[in-house]
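One structure is given here, and the rest of the page talks about it.
Bear in mind that the values in this text are calculations on the coordinates, not laboratory data. Given the structure is predicted, the values throughout are model-derived calculations rather than measurements. Note that we place each Cβ from the backbone using ideal geometry, even for glycine, and neighbour counts take in every protein chain shown.
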Amino acid sequence: MKQVVCKKTELQPGEKMRTNLGRIPVVVCRTLDGEFYAFSNSCIHQGAPMSEGAICGATAPTDTPGEYRYEKEGEILRCPWHGREYDIKNEGRMLVDPSRRLPSFKVSIEDDNVVVSK
Amino acid sequence: MVEQTQTNSQKDRRLIDTDIHERAVYEDLIPYLDNPWKRYITDCHWLQEKHMPYTQPSIAGVDRADARVPDGRPAGSDLAFMQKQLLDDIGHNYGILTGALDPSPSSMHGWYEMATALATAYNNWQIENWLEKDERLYGSIQIAGQDPQEAAREIERVGSHPKMAQVLLPIDDILWGDPYYHPIFEAAERNNLMIGMHHNEPPTHFGKWPRYFIEWHTMIPTSHMIQVSNLIFNGVFDKFPNLKLMMIEGGFTYAPHLMRKMDQQYKDLRHEVPWVKRMPSRIVQEHICFTTQPMEEMSKREFMQYVDQMGSEDMICFSTDYPHWDYDSPTRALPSLEEPLRQKIFYENANAFYPKIPDIKGGNE
């Protein structure tokens, strides 16, 4: 299954959009380096619509209590309900449990079109 | 009618949602306030004291990011949007409104006259704009509990409304079981109302705030445990035998530990509280229900272990906590349960708890 979801210029770096691949709800994300990624639009926890969440960064793991460092700006997709953090550039894996991840889809650029496929 | 719009599968899953947060922005209350109270908001920009020191936990503060009203108003402030996103979409039979704890008249640390006026205004606003506009919604009476006589008068004033199901007491730093507050329970019982307790800003760590939100949110059930213990050992349920208590948004998994611990203490220390006539665990079983949210993720086997230790299938009532960030989905939050128990948790237990909510026949009976 393969589908054009938008023009490349219609989704700016740091933005996301909801679309469908056939009948599957999909969220397409564009990271700050201009790359495109696509995931299931349903959070694996309780099914929240991920497209209503936020593309943001995350506080980096540290060995020092009280130390805050913000990293991965534009690379984290955060759930609109419970706030779970998924790493866009690491196959949609959950930061606290990388063994769990959002189902992902292939994205290619054909001419100026963003194409999602599975 | 609600039933006519439901699919067969929704009918099978009858649902009473025991925790829905409607929100009044202060401007909503102004038409329901007399002077001088109105002028304290319009001229002096009165705001309720709030103390939480943390950056809010999720991407939209304490709300679901998708629950903000499309015109920009706060989540929970618009009935039509709530109907669309929650009541109609999920297929609720009934929902219990529990307010947004801002304003929370019973939480004010002074100026109880203002608190009393706010409670009256809030109740009138709630009745006119929510309870009388959607047959599925039932309400919680706001009071200024710090002044039990005024609180009892407010309960008498609106308690006979057919859609007012309970009196709301916030969990902050007042222990409501103290005999000083018993006029509240007396008025509730006289009006066939239950008590709903929901935390607001409980000081869970030695009267102060812990360093991080994650600590505070993890330990909220301790503030619920304190209230349950306080009401039981102050004899509230012996003095008011028809009174029941819904503990809202603390979950239920603390209950087995608390029941066992109170029983053990009662065996040893009954002489201190001779007005308590039954084992505390039995009082809990006969008088108290617990809402599910926020659910810890667990298997059916784990879930049933908690039920087994509570000694009853009649004490757990489903809740979503809509529109808050830790909302629980009716279709995803609980493990798959056997049908009789599922019916109890999603509908029958709350239906039995709230005498004003009429029964809807259906499901797999």
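Of the residues B:PHE346, B:PHE303, which is of a type outside the set (Gly, Ala, Ser), more than 18 Å from the chain's Cα centre (by Cα), assigned to a helix (DSSP H, G or I) and crowded, with 19+ Cβ neighbours inside 10 Å?
The match here is B:PHE303.
Pairs, please: C-beta under 7 Å, at least 6 apart or cross-chain, first residue charged (D, E, K, R) and in the range A:1-19, second assigned to a loop (DSSP other than H, G, I, E, B)?
Here the result reads A:LYS7/A:ASP112; A:LYS8/A:ASP112; A:ARG18/A:ASN41, each pair linking the range A:1-19 to a residue that is assigned to a loop (DSSP other than H, G, I, E, B).
Consider B:PHE303 carefully, then state whether it is away from chain A (no Cβ under 14 Å) and in contact with a strand residue (DSSP E or B) (Cβ under 7 Å, 6 or more places away or on another chain).
Answer is no for this residue.
Need the failing condition index for B:LEU269 against (1) assigned to a helix (DSSP H, G or I); (2) of a type in the set (A, V, I, L, M, F, W, C); (3) surrounded by 13 or more Cβ atoms within 10 Å (Cβ to Cβ), just the number.
With (1) assigned to a helix (DSSP H, G or I); (2) of a type in the set (A, V, I, L, M, F, W, C); (3) surrounded by 13 or more Cβ atoms within 10 Å (Cβ to Cβ) applied to B:LEU269, the lone miss is (3).
Let me spell it out: the conditions are (1) more than 12 Å from every other protein chain (Cβ to nearest Cβ); (2) surrounded by 17 or more Cβ atoms within 10 Å (Cβ to Cβ); (3) under 24 Å from A:GLY47 (Cα atoms), and A:CYS79 meets all of them except one. Which number is the exception?
Exception for A:CYS79: condition (1).
Hey, can you tell me all the residues within the range B:65-100 that are within 14 Å of chain A (Cβ to nearest Cβ), charged (D, E, K, R) and in contact with a helix residue (DSSP H, G or I) (Cβ under 8 Å, 6 or more places away or on another chain)?
B:ASP66
Can you say whether B:SER336 is more than 17 Å from the chain's Cα centre (by Cα), within 25 Å of B:ASN234 (Cα to Cα) and hydroxyl-bearing (Ser, Thr, Tyr), as far as the supplied structure shows?
The answer is no for B:SER336.
For the range A:37-56, name all the residues that are assigned to a strand (DSSP E or B) and within 12 Å of chain B (Cβ to nearest Cβ).
Scanning the range A:37-56 gives A:SER42, A:PRO49, A:ALA54, A:ILE55, A:CYS56.
In the range B:314-343, which residues are within 14 Å of another protein chain (Cβ to nearest Cβ), of a type in the set (Val, Ile, Thr) and buried (at least 24 other Cβ atoms within 10 Å of the Cβ)?
B:THR320 - this is the single residue of the range B:314-343 that is within 14 Å of another protein chain (Cβ to nearest Cβ), of a type in the set (Val, Ile, Thr) and buried (at least 24 other Cβ atoms within 10 Å of the Cβ).
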